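The values are calculated or read from the model by the stated rules, or taken from the named source; none is laboratory data. Worth saying up front: this structure is predicted, and the values here are computed from it rather than measured. Cβ placement follows ideal geometry from the backbone for every residue including glycine, while neighbour counts extend to all protein chains displayed.
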Amino acid sequence: MYKEYYGFKENAFNITADPAFYFESSRHKDAYAHLLYGIRHRKGIICLTGEVGTGKTTLCRILLNKIDPTIRTAFILNPNFSQIQLLQLINKDLGLPSIRNNKLDLITLLNQFLIDETSQGHNVAVIIDEAQNLNVHQLEQIRLLSNLETEKEKLLQIILVGQPELLEKLRKPALRQLNSRIGVRYHIQPLDKTDTGEYINHRLKIAGGPEKLHFTDEAIHSVYEFSKGTPRLINILCEHALLAGFTNETCTIDKDIILRCAKEALIS
Ligand SMILES: Nc1ncnc2c1ncn2[C@@H]1O[C@H](COP(=O)(O)OP(=O)(O)O)[C@@H](O)[C@H]1O
Ligand SMILES: [Mg+2]
(Lines give C-alpha, C1' and ligand atoms only; values in the text may rest on other atoms or scores of the structure.)
(Ligands and ions follow the chains in the order given, each with its own letter.)
Protein backbone atom coordinates (compact mmCIF):
# COMPACT_ATOMS: atom_id res chain seq x y z
CA MET A 1 0.00 0.00 0.00
CA TYR A 2 2.67 2.47 1.04
CA LYS A 3 4.77 1.29 -1.86
CA GLU A 4 3.17 3.57 -4.44
CA TYR A 5 2.94 6.49 -2.05
CA TYR A 6 6.67 6.47 -1.36
CA GLY A 7 7.56 5.30 -4.85
CA PHE A 8 9.26 2.08 -3.72
CA LYS A 9 10.11 -0.57 -6.27
CA GLU A 10 9.77 -3.18 -3.55
CA ASN A 11 8.67 -3.26 0.06
CA ALA A 12 11.64 -2.12 2.09
CA PHE A 13 11.06 -4.33 5.10
CA ASN A 14 9.92 -7.74 3.98
CA ILE A 15 10.69 -10.48 6.44
CA THR A 16 11.91 -12.93 3.82
CA ALA A 17 15.64 -13.63 3.68
CA ASP A 18 16.21 -11.71 0.44
CA PRO A 19 19.93 -11.37 -0.37
CA ALA A 20 19.24 -8.30 -2.52
CA PHE A 21 18.76 -6.34 0.70
CA TYR A 22 21.89 -7.69 2.36
CA PHE A 23 23.53 -5.23 4.72
CA GLU A 24 27.04 -6.22 5.62
CA SER A 25 27.31 -5.34 9.29
CA SER A 26 30.61 -6.08 11.02
CA ARG A 27 28.98 -9.12 12.62
CA HIS A 28 27.66 -10.54 9.36
CA LYS A 29 31.01 -9.91 7.75
CA ASP A 30 32.75 -11.74 10.55
CA ALA A 31 30.29 -14.64 10.37
CA TYR A 32 30.82 -14.90 6.62
CA ALA A 33 34.60 -14.95 7.06
CA HIS A 34 34.29 -17.79 9.58
CA LEU A 35 32.15 -19.85 7.19
CA LEU A 36 34.55 -19.33 4.33
CA TYR A 37 37.54 -20.13 6.49
CA GLY A 38 35.90 -23.36 7.65
CA ILE A 39 35.13 -24.43 4.08
CA ARG A 40 38.50 -23.46 2.60
CA HIS A 41 40.50 -25.05 5.39
CA ARG A 42 38.33 -28.17 5.42
CA LYS A 43 37.33 -27.92 9.03
CA GLY A 44 34.72 -30.69 8.74
CA ILE A 45 31.75 -29.39 10.68
CA ILE A 46 31.05 -25.69 11.01
CA CYS A 47 28.36 -24.35 13.30
CA LEU A 48 26.59 -21.01 12.80
CA THR A 49 24.10 -20.00 15.47
CA GLY A 50 22.04 -16.95 16.35
CA GLU A 51 18.62 -16.05 17.71
CA VAL A 52 15.61 -16.05 15.37
CA GLY A 53 15.81 -13.23 12.87
CA THR A 54 19.48 -12.35 13.24
CA GLY A 55 20.20 -13.06 9.56
CA LYS A 56 21.44 -16.64 9.43
CA THR A 57 19.42 -17.71 6.39
CA THR A 58 20.22 -14.44 4.63
CA LEU A 59 23.90 -15.10 5.20
CA CYS A 60 23.59 -18.63 3.79
CA ARG A 61 22.00 -17.22 0.65
CA ILE A 62 24.76 -14.65 0.32
CA LEU A 63 27.31 -17.40 0.66
CA LEU A 64 25.60 -19.46 -2.04
CA ASN A 65 25.44 -16.43 -4.37
CA LYS A 66 28.90 -15.05 -3.77
CA ILE A 67 31.04 -18.08 -3.28
CA ASP A 68 33.54 -18.82 -6.04
CA PRO A 69 32.72 -21.67 -8.41
CA THR A 70 35.53 -23.87 -7.14
CA ILE A 71 33.40 -24.42 -4.06
CA ARG A 72 30.47 -26.70 -4.80
CA THR A 73 27.49 -26.25 -2.50
CA ALA A 74 24.23 -27.85 -1.48
CA PHE A 75 21.61 -26.05 0.63
CA ILE A 76 19.14 -28.02 2.71
CA LEU A 77 16.37 -25.77 3.98
CA ASN A 78 13.89 -28.15 5.51
CA PRO A 79 15.59 -30.52 7.89
CA ASN A 80 12.56 -32.78 8.13
CA PHE A 81 14.08 -35.67 6.23
CA SER A 82 14.72 -39.37 6.53
CA GLN A 83 18.25 -40.74 6.17
CA ILE A 84 17.70 -41.57 2.51
CA GLN A 85 16.05 -38.23 1.80
CA LEU A 86 18.98 -36.30 3.22
CA LEU A 87 21.35 -38.09 0.89
CA GLN A 88 18.99 -37.62 -2.04
CA LEU A 89 18.67 -33.91 -1.31
CA ILE A 90 22.41 -33.43 -1.01
CA ASN A 91 23.15 -35.35 -4.19
CA LYS A 92 20.46 -33.56 -6.14
CA ASP A 93 21.62 -30.13 -5.04
CA LEU A 94 25.19 -31.00 -5.98
CA GLY A 95 23.90 -31.85 -9.46
CA LEU A 96 24.39 -35.61 -9.22
CA PRO A 97 22.03 -37.86 -11.16
CA SER A 98 18.99 -38.69 -9.06
CA ILE A 99 18.70 -42.36 -8.43
CA ARG A 100 16.09 -43.94 -6.29
CA ASN A 101 18.50 -46.54 -5.01
CA ASN A 102 19.51 -47.41 -1.53
CA LYS A 103 21.67 -45.61 0.96
CA LEU A 104 24.84 -47.37 -0.07
CA ASP A 105 24.41 -46.36 -3.74
CA LEU A 106 23.77 -42.77 -2.77
CA ILE A 107 26.83 -42.63 -0.51
CA THR A 108 29.01 -44.29 -3.15
CA LEU A 109 27.89 -41.74 -5.72
CA LEU A 110 28.52 -38.87 -3.32
CA ASN A 111 31.89 -40.23 -2.28
CA GLN A 112 33.05 -40.54 -5.88
CA PHE A 113 31.91 -37.01 -6.59
CA LEU A 114 33.81 -35.74 -3.54
CA ILE A 115 36.98 -37.53 -4.57
CA ASP A 116 36.73 -36.16 -8.13
CA GLU A 117 36.09 -32.60 -6.95
CA THR A 118 38.86 -32.74 -4.37
CA SER A 119 41.34 -34.02 -6.93
CA GLN A 120 40.56 -30.88 -8.97
CA GLY A 121 41.24 -28.73 -5.93
CA HIS A 122 37.56 -27.99 -5.36
CA ASN A 123 35.79 -27.82 -2.01
CA VAL A 124 32.32 -29.17 -1.36
CA ALA A 125 30.07 -27.75 1.34
CA VAL A 126 26.59 -28.72 2.47
CA ILE A 127 24.62 -26.12 4.40
CA ILE A 128 21.81 -27.37 6.62
CA ASP A 129 19.51 -24.60 7.84
CA GLU A 130 17.20 -24.84 10.87
CA ALA A 131 19.50 -27.53 12.22
CA GLN A 132 18.09 -27.08 15.73
CA ASN A 133 15.15 -29.17 14.50
CA LEU A 134 17.29 -32.19 13.69
CA ASN A 135 16.97 -35.15 16.01
CA VAL A 136 19.86 -37.09 17.48
CA HIS A 137 19.62 -39.71 14.73
CA GLN A 138 19.80 -37.18 11.94
CA LEU A 139 22.70 -35.35 13.57
CA GLU A 140 24.55 -38.60 13.96
CA GLN A 141 24.02 -39.32 10.27
CA ILE A 142 25.51 -35.94 9.47
CA ARG A 143 28.57 -36.80 11.54
CA LEU A 144 28.99 -39.97 9.51
CA LEU A 145 28.90 -37.95 6.30
CA SER A 146 31.61 -35.70 7.65
CA ASN A 147 33.72 -38.84 8.05
CA LEU A 148 34.10 -39.11 4.31
CA GLU A 149 37.77 -38.36 3.95
CA THR A 150 40.98 -39.32 2.28
CA GLU A 151 44.10 -39.99 4.30
CA LYS A 152 44.92 -36.34 4.04
CA GLU A 153 41.74 -34.33 4.26
CA LYS A 154 38.03 -34.09 4.85
CA LEU A 155 36.10 -34.34 1.63
CA LEU A 156 32.86 -32.74 2.74
CA GLN A 157 32.39 -29.65 4.87
CA ILE A 158 29.05 -29.42 6.64
CA ILE A 159 27.65 -26.15 7.92
CA LEU A 160 25.00 -26.53 10.61
CA VAL A 161 22.92 -23.38 10.92
CA GLY A 162 20.47 -22.96 13.74
CA GLN A 163 19.03 -21.24 16.76
CA PRO A 164 20.87 -21.43 20.09
CA GLU A 165 18.95 -24.61 21.03
CA LEU A 166 21.24 -26.33 18.54
CA LEU A 167 24.17 -25.77 20.89
CA GLU A 168 22.22 -27.32 23.77
CA LYS A 169 21.39 -30.31 21.63
CA LEU A 170 25.01 -30.76 20.65
CA ARG A 171 25.98 -30.94 24.30
CA LYS A 172 23.95 -34.15 24.78
CA PRO A 173 26.16 -37.12 25.64
CA ALA A 174 24.86 -39.04 22.59
CA LEU A 175 26.28 -36.31 20.35
CA ARG A 176 29.63 -35.97 22.07
CA GLN A 177 31.51 -37.16 19.01
CA LEU A 178 29.75 -34.74 16.70
CA ASN A 179 30.28 -31.87 19.12
CA SER A 180 33.99 -32.53 19.33
CA ARG A 181 34.19 -32.52 15.52
CA ILE A 182 33.01 -28.94 15.15
CA GLY A 183 36.02 -27.11 13.77
CA VAL A 184 34.55 -23.61 13.53
CA ARG A 185 31.78 -21.98 15.55
CA TYR A 186 30.22 -18.57 15.17
CA HIS A 187 27.31 -16.96 16.99
CA ILE A 188 25.74 -13.95 15.26
CA GLN A 189 24.81 -11.17 17.66
CA PRO A 190 22.07 -8.65 16.84
CA LEU A 191 23.08 -5.29 15.37
CA ASP A 192 24.37 -2.49 17.57
CA LYS A 193 22.70 0.93 17.57
CA THR A 194 24.83 2.50 14.85
CA ASP A 195 24.36 -0.49 12.58
CA THR A 196 20.60 -0.44 13.22
CA GLY A 197 20.42 3.08 11.74
CA GLU A 198 22.60 2.15 8.80
CA TYR A 199 20.61 -1.03 8.25
CA ILE A 200 17.33 0.91 8.04
CA ASN A 201 18.75 3.44 5.61
CA HIS A 202 20.35 0.72 3.53
CA ARG A 203 17.02 -1.10 3.09
CA LEU A 204 15.20 2.15 2.23
CA LYS A 205 17.80 2.87 -0.42
CA ILE A 206 17.69 -0.62 -1.97
CA ALA A 207 13.89 -0.47 -2.09
CA GLY A 208 14.22 2.77 -4.06
CA GLY A 209 12.57 5.05 -1.54
CA PRO A 210 12.70 8.82 -2.09
CA GLU A 211 15.46 10.78 -0.44
CA LYS A 212 13.02 12.90 1.48
CA LEU A 213 11.74 9.85 3.37
CA HIS A 214 13.68 9.52 6.56
CA PHE A 215 13.67 8.15 10.07
CA THR A 216 14.72 10.76 12.66
CA ASP A 217 17.61 9.93 14.99
CA GLU A 218 15.18 9.55 17.87
CA ALA A 219 13.03 7.20 15.82
CA ILE A 220 16.05 5.05 15.05
CA HIS A 221 16.98 5.04 18.70
CA SER A 222 13.47 3.77 19.56
CA VAL A 223 13.59 1.10 16.86
CA TYR A 224 16.82 -0.09 18.41
CA GLU A 225 15.36 -0.06 21.94
CA PHE A 226 12.39 -2.18 20.91
CA SER A 227 14.14 -4.55 18.55
CA LYS A 228 17.43 -4.82 20.45
CA GLY A 229 19.01 -4.82 17.00
CA THR A 230 17.40 -8.02 15.69
CA PRO A 231 16.87 -7.43 11.95
CA ARG A 232 13.61 -9.37 11.81
CA LEU A 233 12.07 -7.19 14.55
CA ILE A 234 13.50 -4.03 12.99
CA ASN A 235 11.74 -5.00 9.75
CA ILE A 236 8.39 -5.68 11.44
CA LEU A 237 8.50 -2.39 13.28
CA CYS A 238 9.67 -0.33 10.29
CA GLU A 239 7.06 -1.90 8.04
CA HIS A 240 4.36 -0.71 10.46
CA ALA A 241 6.02 2.69 10.68
CA LEU A 242 6.00 3.19 6.91
CA LEU A 243 2.36 2.24 6.78
CA ALA A 244 1.63 4.75 9.56
CA GLY A 245 3.67 7.40 7.72
CA PHE A 246 1.62 6.77 4.60
CA THR A 247 -1.64 7.04 6.55
CA ASN A 248 -0.47 10.31 8.08
CA GLU A 249 0.86 11.51 4.73
CA THR A 250 4.33 12.19 6.03
CA CYS A 251 7.82 11.33 4.84
CA THR A 252 9.30 11.85 8.29
CA ILE A 253 9.14 8.86 10.56
CA ASP A 254 9.56 10.18 14.07
CA LYS A 255 9.72 8.70 17.54
CA ASP A 256 5.94 9.05 18.14
CA ILE A 257 5.18 6.93 15.10
CA ILE A 258 7.62 4.27 16.28
CA LEU A 259 6.17 4.22 19.80
CA ARG A 260 2.66 3.79 18.44
CA CYS A 261 3.73 1.11 15.99
CA ALA A 262 5.69 -0.80 18.62
CA LYS A 263 2.41 -1.19 20.52
CA GLU A 264 0.58 -2.35 17.40
CA ALA A 265 3.36 -4.71 16.40
CA LEU A 266 3.21 -6.18 19.90
CA ILE A 267 6.87 -5.96 20.52
CA SER A 268 6.67 -3.28 23.19
N1 LIG B 1 22.51 -8.58 7.22
C2 LIG B 1 21.26 -8.40 6.81
N3 LIG B 1 20.99 -7.58 5.79
C4 LIG B 1 19.72 -7.37 5.35
N5 LIG B 1 18.65 -7.96 5.89
C6 LIG B 1 18.85 -8.80 6.92
C7 LIG B 1 20.15 -9.08 7.43
N8 LIG B 1 20.04 -9.94 8.44
C9 LIG B 1 18.73 -10.21 8.56
N10 LIG B 1 18.00 -9.52 7.66
C11 LIG B 1 16.57 -9.54 7.46
O12 LIG B 1 15.95 -9.92 8.68
C13 LIG B 1 14.95 -10.91 8.45
C14 LIG B 1 15.33 -12.20 9.14
O15 LIG B 1 16.51 -12.72 8.56
P16 LIG B 1 16.79 -14.28 8.42
O17 LIG B 1 18.01 -14.42 7.60
O18 LIG B 1 15.57 -14.99 7.98
O19 LIG B 1 17.11 -14.63 9.95
P20 LIG B 1 17.32 -16.04 10.64
O21 LIG B 1 17.56 -17.05 9.56
O22 LIG B 1 18.51 -15.83 11.54
O23 LIG B 1 16.08 -16.31 11.43
C24 LIG B 1 14.84 -11.04 6.93
O25 LIG B 1 13.85 -10.16 6.48
C26 LIG B 1 16.17 -10.57 6.43
O27 LIG B 1 16.05 -10.01 5.15
MG1 LIG C 1 16.50 -18.78 9.13
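Observations
- Qualifying residue in the stretch 99-115 (condition: outside the structural domain of Arg203 (by TED's automatic domain parsing), assigned to a loop (DSSP other than H, G, I, E, B) and in contact (Cβ under 8 Å) with a residue 60 or more places away in the chain): no
- The stretch 52-82: number of residues that are within 16 Å of ligand 2 (Cβ to nearest atom), of a type outside the set (Phe, Trp, Tyr) and crowded, with 17+ Cβ neighbours inside 10 Å: 13
- Looking across the stretch 139-176, the residues that are assigned to a helix (DSSP H, G or I) and among the small types (Gly, Ala, Ser) come down to Ser146, Ala174.
- Answer from Ile158, Ile188, Ile182, Ile142 - the residue that is within 16 Å of ligand 1 (Cβ to nearest atom) and β-branched (Val, Ile, Thr): Ile188
- Of note, Glu24 satisfies the criterion of being part of a loop (DSSP other than H, G, I, E, B), free of Cβ contacts under 8 Å to residues at least 12 places away in the same chain and within 14 Å of ligand 1 (Cβ to nearest atom).
- Within the stretch 42-86, restricting attention to residues that are more than 16 Å from ligand 1 (Cβ to nearest atom), in contact with a strand residue (DSSP E or B) (Cβ under 8 Å, 6 or more places away or on another chain) and part of a loop (DSSP other than H, G, I, E, B), the residue that is farthest from Asp105 (Cα to Cα) is Ile67.
- Restricting the stretch 123-138 to residues that are in a loop (DSSP other than H, G, I, E, B) and at pLDDT below 95, the residue that is farthest from the chain's Cα centre (by Cα): Asn135
- Filtered residues of the stretch 26-64 (kept if over 20 Å from Arg171 (Cβ atoms), among the basic types (Lys, Arg) and out of contact with any Asp or Glu (no Cβ under 9 Å at 6 or more places or on another chain)): Lys29, Arg40
- All told, Glu168 falls short of being farther than 16 Å from Gln85 by Cα, more than 16 Å from ligand 2 (Cβ to nearest atom) and touching a residue at least 60 places away in the same chain (Cβ under 8 Å).
- Total residues in the stretch 189-218, condition in contact with a Leu (Cβ under 7 Å, 6 or more places away or on another chain) and at pLDDT 95 or above: 2
- Filter pass, Asn91 being of a type in the set (S, T, N, Q), more than 16 Å from ligand 1 (Cβ to nearest atom) and either assigned by TED's automatic domain parsing to the domain that holds Tyr37 or surrounded by 21 or more Cβ atoms within 10 Å (Cβ to Cβ) (or both): yes
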